[in-house]
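First up is the structure itself, then whatever we jot down about it.
The values are calculated or read from the model by the stated rules, or taken from the named source; none is laboratory data. Values in this document were obtained by computation on a predicted structure and should not be read as measured data. Don't worry about glycine lacking a Cβ; one is built from the backbone with ideal geometry, like all the others, and counts go over all protein chains shown.
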Amino acid sequence: MATLAVNVDHVATVRQARGGVYPDPVHAAILAELGGADGIVVHLREDRRHIQDRDVKLLRQTVLSRLILEMAATEEMIGIACDIKPDLVTLVPEKRTEVTTEGGLDVKGAFEPVRDAVERLHDGGLTVSIFIDPDPKQIEAAAKTGAEMIEIHTGRYCDAYTETEKERCFGDIADAARTARNLDLIVNAGHGLCYNTIKRFAGTGIVDEFSIGHSIVARSVLVGMKEAVSEMRELVRDA
Ligand code: PXP
């Protein structure tokens, strides 16, 4: 049975649209937990476009499940993570111009800096996951960094237009998950998943934890955060 980590970045996106104090991602996280979230995820971006330092500090004090910090492997972020001590750090690539994280981290191409970041986070007592595309070479490189987990990028599967393309992308995810398990990595997955695309994972058991944000926050505008999380939690339970 898979678990669900709920990303509340886009609650902060709505707040930052007016630069005010509401809606508060801290309130959203509490409601997400009441709806059954197994973890709360935030991405503290270099440009602070949604989540702010204050949010991460407050969430560390209020999250009762697990706090997962997504971040780029920069000096600044490694310092913040070692200070705040989230339950898990997920290393992601970051470009200032992107609307959202576009691809997985190129661990193979930037092996030494990524391995060094993992080591420093381990020295700070933290557990580390790396967000990568479903590519065996990236998975093997991720395992060599000493990270405990990977998060497989599901974006291409979610964006696929035809059923044939969708199945091909899903096959890549399943193969990647198998490769990762053979390397003793815990397998998370996320990006772009919604109440429809999650259903393909039912009965497969290939993912330990899903990280889902935008579709849950979007639904919460209409049905409320607790209900939106609870509906997704049911779908993830089948996966
Ligand atoms: N996983 C990672 C590494 C991400 O960067 C994001 C987006 O912040 C997500 C999961 C969640 O993606 P979405 O908001 O599309 O569900």
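Miscellaneous remarks
- Per-region count, the stretch 75-105, residues away from the ligand (no atom under 11 Å from the Cβ), among the small types (Gly, Ala, Ser) and either within 22 Å of Val187 (Cα to Cα) or modelled with pLDDT under 95 (or both): 1
- Filtered residues of the stretch 15-41 (kept if within 15 Å of the ligand (Cβ to nearest atom) and either in contact (Cβ under 8 Å) with a residue 40 or more places away in the chain or not in a helix (DSSP H, G or I) (or both)): Ala28, Ala32, Ala37, Asp38, Gly39, Ile40, Val41
- Of the strands (runs of 3 or more DSSP E) that lie entirely inside the stretch 112-208, those containing 2 or more residues that are touching a residue at least 12 places away in the same chain (Cβ under 8 Å) and in contact with a Leu (Cβ under 7 Å, 6 or more places away or on another chain) span 128-132, 149-153.
- Whichever residue in the stretch 209-230 is of a type in the set (Val, Ile, Thr) and without any contact (Cβ under 8 Å) to a residue 24 or more places away in the chain and, among such residues, is nearest to the ligand (Cβ to nearest atom): Val221
- Filtering Glu76, Glu102, Glu112, Glu70 for residues that are surrounded by fewer than 16 Cβ atoms within 10 Å (Cβ to Cβ), under 27 Å from Tyr157 (Cβ atoms) and among the acidic types (Asp, Glu) leaves a single hit, Glu102.
- For the stretch 181-205, a tally of residues being crowded, with 20+ Cβ neighbours inside 10 Å and away from the ligand (no atom under 15 Å from the Cβ) returns 1.
Residues checked against (1) touching a Phe, Trp or Tyr at 6+ places or on another chain (Cβ under 7 Å); (2) under 28 Å from Arg60 (Cα atoms):
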| position | (1), (2) |
| --- | --- |
| Val128 | no, yes |
| Ala174 | no, no |
| Ala189 | yes, yes |
| Ile206 | no, no |
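- Condition check for Lys108: part of a loop (DSSP other than H, G, I, E, B), basic (Lys, Arg) and away from the ligand (no atom under 14 Å from the Cβ): yes
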